[in-house]
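The structure appears below as C-alpha cells.
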Amino acid sequence: MAHVAFLRAVNVGKANRCQPAVIAKQLTKFGVINVGAVGTFVVREDVSESTLRTAIAKKLPFKCEIMICPAHDIIKLASKHPFSRQPSGPDIVRFVTILHKPLRGRTRSDLHQTSNIEHQTSDDWLLKIIAIQGRFVLGLYRRQMKAISYLGKIEKLLGVPATTRSWNTIEKVVRILKAGR
C-alpha cells in the first residue's frame, strides 16, 4: 500500500534544516518521491508504516514527528472537494492539518468552544476550521502574520502532534498518487 509522509517543523526558519530531495533519493528502494522543501513525501512501494518511519528518521539529523497516512486516505479526502463552498482568493490560504492519529469523538465545534481561533461573525476571521475528518483538520486562513500563529494553536488545542500543508500541496500529492496507478 502506498503512503504519504509528512515531516513536522522541517525547514522552518533556521531550525531543523534538511534536504528532502536528498532524503527521497536515499530512500528510492521505497519509491519515495519528494513533494517539496517542507518534508512531504509520496511513498509508492508497499512498506509498513513502522519501517518507513524508521527509515526516514535515520536520514534526519534531528528528531521530528513523522505523520504517515495511507495514500487512499489522502485521495478520499481530496475526492470530497472539501473547499468547494469556501471563499477563495489571493489573500486566503486553504490548508489541511495532518494529525499524528485520528481524533475520536472530537468535532469542529469542540475546537471552537475551547479557542478564539475563529471570530463569531462570518466575514471577520483570520483562521477558520471548516471540518475535522479523522486525522485531517481542514481550514482557511487569511494571509496575515497573526493568522499563521493560530495554526500552532490547533495542535495544542487537540493535544495531538500535527503538521500543516496548503491544499495546493495536497492536490499535488494526489496528482502524483494518481499518476502512479
Unique residue being among the small types (Gly, Ala, Ser), in contact (Cβ under 8 Å) with a residue 12 or more places away in the chain and in a loop (DSSP other than H, G, I, E, B) when the list is Ala5, Ala9, Ala24: Ala9
The listed residue being part of a loop (DSSP other than H, G, I, E, B), at pLDDT 90 or above and within 30 Å of Met145 (Cβ to Cβ), out of Arg85, Arg106: Arg85
I'm checking my understanding of the structure. Among residues of segment 31-45 that are outside any strand (DSSP E or B) and not β-branched (Val, Ile, Thr), which one is surrounded by the fewest Cβ atoms within 10 Å (Cβ to Cβ)? Ala37
Residue check for Ile154: in contact with a strand residue (DSSP E or B) (Cβ under 8 Å, 6 or more places away or on another chain), buried (at least 16 other Cβ atoms within 10 Å of the Cβ), closer than 19 Å to Arg85 by Cα and hydrophobic (A, V, I, L, M, F, W, C): no
Residues of segment 122-135 being surrounded by 14 or more Cβ atoms within 10 Å (Cβ to Cβ) and free of Cβ contacts under 8 Å to residues at least 60 places away in the same chain, which ones? Trp125, Leu126, Leu127, Lys128, Ile129, Ile130, Ala131, Ile132, Gln133
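The values are calculated or read from the model by the stated rules, or taken from the named source; none is laboratory data. Computed from a predicted structure; not experimentally measured. Backbone-built Cβ (ideal geometry, glycine too); neighbour counts: all protein chains shown.
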